[in-house]
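Bear in mind these aren't lab numbers, they're just calculated from the coordinates by the rules spelled out. Remember, predicted model here, so these are calculated numbers, not experimental data. Using ideal geometry, Cβ is built from the backbone for each residue, glycine included, and neighbour counts are taken over all protein chains shown.
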Amino acid sequence: MKIYTRTGDQGQTDLHSGRRVAKDALQMEVCGTLDELNSLLGVTRAETLPDAIDAVLHRVQSELFTLGAELSGADHKRRDASALSDENVLRLEADIDRFDADLRPLAAFILPGGTRAAAVLHLARAVSRRAERRLVSLLEKESEAVRPVALAYLNRLSDLLFVLARAANARAGADEQTWPEPTKDP
């Protein structure tokens, strides 16, 4: 099987459902942003990470593929074990709570940075938020494009990525920089 098909040379692509759409259609924009996010998670996993964080990111990468398949027209009305569900959202919440339990309480905004792994996690969080915004735009135009659980999943995922960035910094002993900077007495 060849990688190239030449079927997209005119600016259209096939969805899993067989429907052809413009490559810049909102549906494809969401799929592309999910692909970008998944790739950033791959870059993050190439860094030295605690095993617990790597395991969560590995699972999330698979779940992002599942979400992308649904967005590309796979039969999302199925309720089989491979479809995203409320259970996936609850698992993200449990991960957030588990990693957040070891962190200092937030007292200010955190500037993205610290270790390289944490910085990439912050970037992935920002891309996750963009995917969420694009999905909202898609759902405003095509409310049946994907099940509502997808929006909840992306909303929770960006929270998880923020907490994982903080956890990666904490476990590496890297200080978090805050905004606004604390004022120092003269």
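Odds and ends about this structure:
- Neighbour-count ranking [beta-carbon atoms within 10 angstrom, fewest first] of 141, 2: 2, 141
- Mean separation of Cα contacts under 8 Å (6+ apart) over length of region 93-167, as relative contact order %: 50 percent
- Ordering of 168-177, 121-130, 27-36 by packing [mean C-beta count within 10 Å, highest first]: 121-130, 27-36, 168-177
- 5 angstrom amide H check on residue 178, placed H, neighbours 5+ away: 111
- Length-normalised contact order of the chain in % [C-alpha pairs under 8 Å, at least 6 apart]: 28 percent
- Cα-centre dipole for the chain with unit charges at Cβ (Lys and Arg positive, Asp and Glu negative), debye to 20: 460 debye
- Segments 65-71, 152-158, 97-103 sorted - mean Cβ within 10 Å per residue, highest first: 152-158, 65-71, 97-103
- In sequence order, region 139-155 has phi-based couplings of 5, 5, 8, 9, 4, 9, 5, 7, 5, x, 4, 4, 5, 4, 4, 5, 4 Hz under the Karplus curve 6.51 cos²θ - 1.76 cosθ + 1.60, θ = phi - 60°, and Gly or Pro positions carry x.
- A straight chain from residue 140 to residue 90 at 0.36 nm per residue would run longer than the Cα-Cα distance by 15.5 nm.
- Rounded to the nearest 20, the Cβ-based charge dipole of region 82-130 about its Cα centre (Lys and Arg +1, Asp and Glu -1) stands at 380 debye.
- Volume in Å³ per residue [convex hull over Cα atoms, computed for the chain]: 158 Å³
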